[in-house]
Amino acid sequence: MRQRLLPSYLRHALYSGVAMALCAPLATLAQDAAQAGTGSASAAPQDTSATADQNNARQLGKIVVTAQTRTQEMQEVPIALQIVTAAQIQQLAATDLSKMSIFVPGLGVDGSQPTQPSYELRGISTSNFGIGTEPAVGVYVDGVYAARSGGALLAFNDIQRIEVLKGPQGTLFGRNAAGGAISIVTNEPSDKLEGHATVRFGNEGEKYVSGLLNLPINKDMALRVSVVDNQSDGWITNQADGKRFGGNDDWGTRIAYRWNITPDTRVLVSWDHERLDQTPRPQIGIVPMSSDVYERPPFPADPTTFLNPLHAPLYNVGVDLAETRTFNGANFVIDHSFSWGSLTATTAWRGFDTYNDMSNDGTNHVVTHLDTANIEHNNSWYQEFKLTGNNDLMDWVSGVSFYSEQARQANQVNTNTDSLDTLALNVAGAPFPPLATITQGLQAFGLPYNFLGDSWREQINNNGNFKAYAAFGDVIWHLNDKLDLTTGLRYTKDDKDFTWYNVPRQAPAYDQTLAALMASGIYAILPTIAQQALTQFSTNVVFPNDVGDRVEASNSWHDFSPRAVLSYKFTPDIMGYGSVTKGYKAGGYNSLEIGSVYAPEKVWNYEFGLKTVFPEYNLLFNTSAYYYKYSNLQSNVLNPNYSGSGVPFYEVSTSDQHAKGVEFETQWFPVDALRLNLTAAYIDATYLRDTSTTGVNLAGQATGEPLWSATAGFDYTWHGVMRGDLEASMQYAYRGATRCNADSGIQGACYSTKAFTIGTSTNRTDARLDWHTPDQKYGVGLYGNNIFNKRYVLGVGNETTTVFGTPYATVTPPRTFGIEFRAGF
């Protein structure tokens, strides 16, 4: 395992605490979402363990959340939300949100590329990872916007809970929460000396270690240090170089310091660091290929001969196939309580560098080689001042915020002159003849000039300088003891400067050969068509537009996002609500489409919901129904004829959509030892306006979102087993079939061959058998994820299909299982 270093005094303190914990009998981390300190203004400890006794079972819905930027119990919040607790994270042995999002119906997180993840809520997502386009689902860590996707999916590290807020959250959370918000809340330093350690060993070389040490310094100060190291070998071998793909190499640490300066004033400072260094997502070629790396596949590709990617060998070749990230983030929070309310000032900085290079042809053949790299650097600052207060008439919150971001991105394509020769052979109307013909003609006369086998790189560089200003207010008016009216409004102004620079192509070996040919005088006597071909190769082929030019854009957008919610308490345990909310996402640019500008996204959401608890039956039941209308939704789509070069590449497309849906959540403790849960979501999402990349009008067609998704499970506990508790748990998740449209095929979302089918319904079952002491200090667990080894083909990549005849596929990983040891004091 690779050694990483912390400052010596912190390393000594942390490792000493871990050692103390592991010297005791094996232990469990508390299966509790609340590890927050007594000084926390954002959360309070609550027992959400599935093994809770009857008294705790009656506390269903008592989890304290900050979904409305104020402290409330979950059942008091008139928003459709789902809570993921620390206990659930541990139960599923999840290392980041993508590993468990399937158990949150309506939420989708694709973490197959952790530096380029995508989030989806209620069918709304933004698949473009370019720095010019904002996400539609906002990710917030301790109230701070996570900015770019490259730093939005980090490994779980000392998490208290995750609040998944469905529907537009722009009034309270900001401009990029049009589809919803994911609020991640970490634990704060507490006044209790404690340490925890977790160690897992699993198949495919899984080795996971996490440790925590909480140190009270005095009655007013505390320090909390945590580390996590997640390593695995991978689940598929790359036949091209023998390396394992699909593994993990991720390490992170978090340090938090709390100081209660006075009884009314608190300071909280935290620092997060993460290093990721692993192989990229495996891209499995599905076209049968010979062992001769210079043999071209049949063209066009014949789907009747496709291989099943679940069983096909992996051949990935690239300049430097890797996915890496270095992330650092710092938060400074100071809050002060007055007799009438409180003031909170939050200052945050986040910075990361990412590199992601992967194969885009799924072969090891020289004549079809293409790999792409996305390289990013990002720094962002966030400042917020927030006032809150309450009286008999109202609860209110108001504030102002400023956000600044500097981002750089390089979109890189790596290929060679042999592959460009293949393109010239395959694509009708290609702007150049094959180089092989010229090379063979020269060598036939004994001339030592070869234009094949030379590397070729093209790259578009982007720079973004973004600023956002906001002012917001939200008031809960207590019209009487049962009826509340919530009114809120946020004003946002976005200023953006963006540049494209299409770098002249880099082919030094080709240029050297061409220069020698010209110097010899032979170039002058070549046929005109050969001279034209060689000249054509002197400029860009993949990105042919505005080569060498710096193109700039500067835009400003502003928006008012209101919300109104009427809620009524029929009884102390039954609340109904209706809401109208608006969401807004800033406009932007396509990183690969030079000069492009896209208007902001806007959504109106209408929703009715019911939140109920029946204490006498230990039953919780929540439900909501909604309708939304979305304008200018930006999507990343594959255009098979990008820029007229014949080379397909991704571009941003905008569409109008609408959807109606129903969601419900049930938790039930029929007896003290048993907990049952069932959550489901139904959505019917269709296009109002869109045109496919092939020119088909998609209006009225489904967007692709499945109609149904659901999860169900149970937890059962036997007491008094070896002086402890034995708990069995199982969770099952279902996601319906993709609803295909006229553009689904070229996008690789719906596909059917004799060998495999894409877009079918999927399901997964996770299970755990866990023993722990009654105080939950010591324990051991056996876990299995996807225990029935259900595997699916997620999609087909068609970037090279129409030029090389080499589509590739991505697949879900196989079953994982292991043993977990826990200790604490």
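Read-outs throughout are calculated quantities, based only on the coordinates presented, and are distinct from any laboratory measurement. Bear in mind that the values here come from a model prediction, so they are computed numbers and not experimental data. Counting neighbours? That spans all protein chains shown, and the Cβs are built from the backbone with ideal geometry, glycine included.
Which ³J(HN,Hα) values in Hz, rounded to whole numbers, follow from the phi angles of the range 365-377 under the Karplus curve 6.51 cos²θ - 1.76 cosθ + 1.60, where θ = phi - 60° and Gly and Pro get x?
8, 4, 7, 9, 6, 7, 10, 10, 10, 10, 10, 10, 9
Return an integer: the convex hull volume of the alpha-carbon atoms of the range 562-635, in Å³ per residue. List each step's numbers first, then the result.
Values: hull volume 8.1 nm³, N = 74.
In the range 562-635, the Cα hull volume divided by residue count equals 110 Å³.
Treating only the Cβ of Lys, Arg, Asp and Glu as charged (+1, +1, -1, -1), what charge dipole size does the chain show about its Cα centre? Round to the nearest 20 debye.
It works out to roughly 620 debye.
Going by amide H atoms built from the backbone, whose H comes under 5 Å of the H on GLY205, apart from near neighbours?
For GLY205, whose amide H was placed from the backbone, the distant partners under 5 Å are ASP233.
Can you give me the long-range amide H partners of GLU134? Hydrogens built in the peptide plane at 1.01 Å from N, cutoff under 5 Å, separation of 5 or more residues or another chain.
Excluding prolines and chain starts, which carry no amide H, there are no hits.
So what J values fall out for the range 806-816 if you push phi through Karplus, 6.51 cos²θ - 1.76 cosθ + 1.60 with θ = phi - 60°, rounded to Hz, Gly and Pro as x?
Rounded to whole hertz, the list is 10, x, 10, 10, 10, 9, 7, x, x, 4, 10.
Give, to the nearest whole percent, the P(r) tail of the range 696-825 beyond 20 angstrom, counting all Cα pairs.
Taking all Cα-Cα pairs of the range 696-825, the fraction more than 20 Å apart is 61 percent.
Beyond a 19 Å Cα-Cα separation, which of these cross-linked pairs lie in this structure: LYS493/LYS602; LYS62/LYS569; LYS166/LYS496; LYS166/LYS629?
LYS166/LYS496
Taking Cα centroids, how far is the range 383-421 from the range 690-723 in Å?
27 Å
Output the Kirkwood hydrodynamic radius of the chain, Cα pairs only, in Å rounded to one decimal.
Hydrodynamic radius (Kirkwood, Cα pairs) of the chain is 28.3 Å.
What number, rounded to the nearest 500 deg cm²/dmol, is the helix-based mean residue ellipticity at 222 nm of the chain, given -39500 (n - 2.57) per DSSP H run of at least four residues and division by all its residues?
Counting only the DSSP helices, I get -2500 deg cm²/dmol.
So what J values fall out for the range 754-767 if you push phi through Karplus, 6.51 cos²θ - 1.76 cosθ + 1.60 with θ = phi - 60°, rounded to Hz, Gly and Pro as x?
So the J values, rounded to whole Hz, are 5, 8, 6, 9, 10, x, 6, 5, 10, 8, 8, 10, 10, 9.
Need one number: the % of Cα-Cα pairs in the range 146-206 sitting beyond the 18 Å mark.
57 percent
Lys and Arg at +1, Asp and Glu at -1: add these up for the other residues within a Cβ distance under 9 Å of TYR732 and post the number.
Local charge sum for TYR732: 0.
Could you list which residues have their amide H under 5 Å from that of ARG244, counting only those 5 or more apart in sequence or on another chain, with H placed in the peptide plane?
Here the answer is ASN238, since their amide H atoms fall under 5 Å of that of ARG244.
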